[in-house]
Structures are given as structure tokens and as C-alpha cells.
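Only one structure is covered here, and it is reproduced in the block below.
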Amino acid sequence: MWRSCLRLRDGGRRLLNRPAGGPSASMSPGPTIPSPARAYAPPTERKRFYQNVSITQGEGGFEINLDHRKLKTPQAKLFTVPSEALAIAVATEWDSQQDTIKYYTMHLTTLCNTSLDNPTQRNKDQLIRAAVKFLDTDTICYRVEEPETLVELQRNEWDPIIEWAEKRYGVEISSSTSIMGPSIPAKTREVLVSHLASYNTWALQGIEFVAAQLKSMVLTLGLIDMRLTVEQAVLLSRLEEEYQIQKWGNIEWAHDYELQELRARTAAGTLFIHLCSESTTVKHKLLKE
């Protein structure tokens, strides 16, 4: 029964099927990343006060304009992003707002604010260590001992992703039923630290954000490498919860809302990583098509 709704490896939509609800906002900060380290607490909503959103290229990168005002970060820095593609995506968030600006839907804006202001004052090495630390509590490495149906579901759905990661990165990633979790070899950490060092600090902010949503570094790597779609990664991160829902039933609207929110945050974070890792400008021919 429950297996029919968890066909995680069957086809599926493309990775960056972004959920509806991108925003448009004012010069105030975007929504806060759900982590104790994030210090931003903007109003959740505000009446839209601007008509037009545009982007311009400045000395430090690409800027967002709300009518004739330039967007600023929570620390009043000029909101400047390194690539035109990212600027277009952020501008779309702001332009998508209706009469009310809903900051909590603006995940790309929030990630940019965090990258620009760096409220926790972390350098690249610290960001890498924070991301790798998710291996210690990785969702798909913690297994149950019963019931047998859930044990089998975890084995069938999670083991192939772990095997892929081990082969892809040449590492060892074990699972465990112990409350202490699996033992991650030092060599595995070294390899992943080296791999993450190839990303810039903006992309690393996105990687940590996605890992926090999925509670899994392995699933995050699968998303980045396009081994998984957003929908697949989210379902895999919620495997036990989805099992319980199929067995005991759903709380009307509540579970669906949580699922859509998690998909939206994960999709935005994944898009952010890719847009921060690609070329600076967008070919205008593509924009016209």
C-alpha cells in the first residue's frame, strides 16, 4: 500500500520544478533561514509598495531595483549578487508578490542576504565543516530495527543512494540502528571536505541550507549531482513519516502544507547552489526564447 506512493526512482519531473509562490518584496530583508545561527527576523508580511522590479549591473555585480530604489540587505549593504541568472531569479521572487509581500516565501532572497551579510561571520573552511557535520546525523544513515516493513522500506529506498554516493566519491558511508549513529571514517570526511572546497562561499551557504532542510548530506549531494530530483530527495528525507501517514492516515492539510513548504525550500536552495556555481552572465538569446 504505502509502497505505491513512494515510487522514488520512477521517472519523475525535472530537478528544478520550482514550486509556485516565488515573491516580490521591498527593501526589507527576506525570510529567515530556519537555523539558530540566522539572526534575521523581518516582518512576515508587508503591503507591496513598489510597481516595477528590474536588475542592473554595477561594479560589484548585479543589483535589484524596486522602482527607483536599490534593494538593501538587513545590514543595509547594497544587495549585489555575482551572476545575472541569480539576479533574474531574485527579481522574479520580488516581482511575483501580489498586494502583500510574503517574506517567508522568498528563500533565494534570504540566502543572498545571508551570503552578503554573513551574520555568523564564518569563513569558507567553517562553512565546509558545518556542511560535512551533517554526516554525523544523516537521516538515511539512521535505521530502525522494527517493524520489518519499515526496515525493508529503508533498505530498498536508502541503500541505493548510499551506494551511489560511495561509488561517486570513492568513500565509505555506513548505516546503523544505534542511537549513537554510524561511524563515519576520517577518510570519508577528508574526501568530502576536498570536494566541497571546489565550491564558492555562496554555493556553500546553499549547500548547508539544503542539508538542514533534508537533514542529510548524502541526499544533498544527490541533489547537487542531479542523481535525485527535489521531489525524490524530499520523500526520501521523510520516508518514516510518509510510512506512518500511509499506515495511520494523514492530518488534513497539515502534512500537505509541511510537504509543500519543504519542497519549496529545498528547490530554492538547490537552484541557489547551481546559480552560484555557473557563469556570470546569461545569454540574452536564451531570455528571448
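The values are calculated or read from the model by the stated rules, or taken from the named source; none is laboratory data. Worth saying up front: this structure is predicted, and the values here are computed from it rather than measured. Methodologically, a virtual Cβ is constructed for each residue, glycine included, from the backbone with ideal geometry; neighbour enumeration extends over all protein chains shown. Just the protein is used for accessible areas: all its heavy atoms, side chains included, with ligands, DNA and RNA removed. Shrake-Rupley method; radii C 1.70, N 1.55, O 1.52, S 1.80 Å.
Name the residues in the range 176-187 that are within 21 Å of residue 145 (Cβ to Cβ), free of Cβ contacts under 8 Å to residues at least 40 places away in the same chain and open to solvent by less than 60 Å² (accessible area, probe 1.4 Å), would you? Within the range 176-187, 176, 178 qualify. Inclusion of residue 269 among residues that are in contact with a Gly (Cβ under 6 Å, 6 or more places away or on another chain), modelled with pLDDT of 90 or more and not charged (D, E, K, R) is warranted. Only one entry of 248, 202 meets the criterion of being in contact with a strand residue (DSSP E or B) (Cβ under 9 Å, 6 or more places away or on another chain) and aromatic (Phe, Trp, Tyr), and that entry is 202. Restricting 172, 190 to those that are surrounded by fewer than 16 Cβ atoms within 10 Å (Cβ to Cβ), touching an Asp or Glu at 6+ places or on another chain (Cβ under 9 Å) and not hydroxyl-bearing (Ser, Thr, Tyr) reduces the list to 172. Those residues that are hydroxyl-bearing (Ser, Thr, Tyr) and surrounded by 15 or more Cβ atoms within 10 Å (Cβ to Cβ), I need them from the range 39-70; list them, please. Once the filter is applied, which keeps residues that are hydroxyl-bearing (Ser, Thr, Tyr) and surrounded by 15 or more Cβ atoms within 10 Å (Cβ to Cβ), the range 39-70 yields 40, 50.
Quick one: is residue 4 at pLDDT below 55 and assigned to a loop (DSSP other than H, G, I, E, B)? Let's see the steps before the verdict.
On the way: at pLDDT below 55: yes; assigned to a loop (DSSP other than H, G, I, E, B): no.
Taking the combined requirement at face value, the residue does not satisfy it.
Across the range 47-85, the qualifying residues are those that are out of contact with any Cys (no Cβ under 8 Å at 6 or more places or on another chain), of a type in the set (A, V, I, L, M, F, W, C) and in a loop (DSSP other than H, G, I, E, B), and the one among them that is farthest from residue 102 (Cα to Cα) is 76. Once the range 140-155 is narrowed to residues that are open to solvent by less than 30 Å² (accessible area, probe 1.4 Å) and of a type in the set (A, V, I, L, M), the residue that is nearest to residue 237 (Cα to Cα) is 140. Just one of the listed residues (159, 136) is open to solvent by 30 Å² or more (accessible area, probe 1.4 Å), modelled with pLDDT under 95 and either outside any loop (DSSP other than H, G, I, E, B) or under 21 Å from residue 225 (Cα atoms) (or both), namely 136. Within the span defined as the range 103-112, one or more residues are modelled with pLDDT of 95 or more, out of contact with any strand residue (DSSP E or B) (no Cβ under 8 Å at 6 or more places or on another chain) and under 13 Å from residue 201 (Cβ atoms).
Counting only residues that are among the aliphatic types (A, V, I, L, M) and under 20 Å from the mean Cα position of the chain (by Cα), which one in the range 71-95 is most open to solvent (accessible area, probe 1.4 Å)?
Among them, the one singled out is 88.
Note on the range 229-261: residues that are within 24 Å of residue 218 (Cβ to Cβ), of a type in the set (D, E, K, R) and in contact with a Phe, Trp or Tyr (Cβ under 8 Å, 6 or more places away or on another chain) total 1.
When each of 66, 71, 135, 86 is tested for being in the same structural domain as residue 189 (by the TED database) and in contact (Cβ under 8 Å) with a residue 40 or more places away in the chain, the lone residue that passes is 135.
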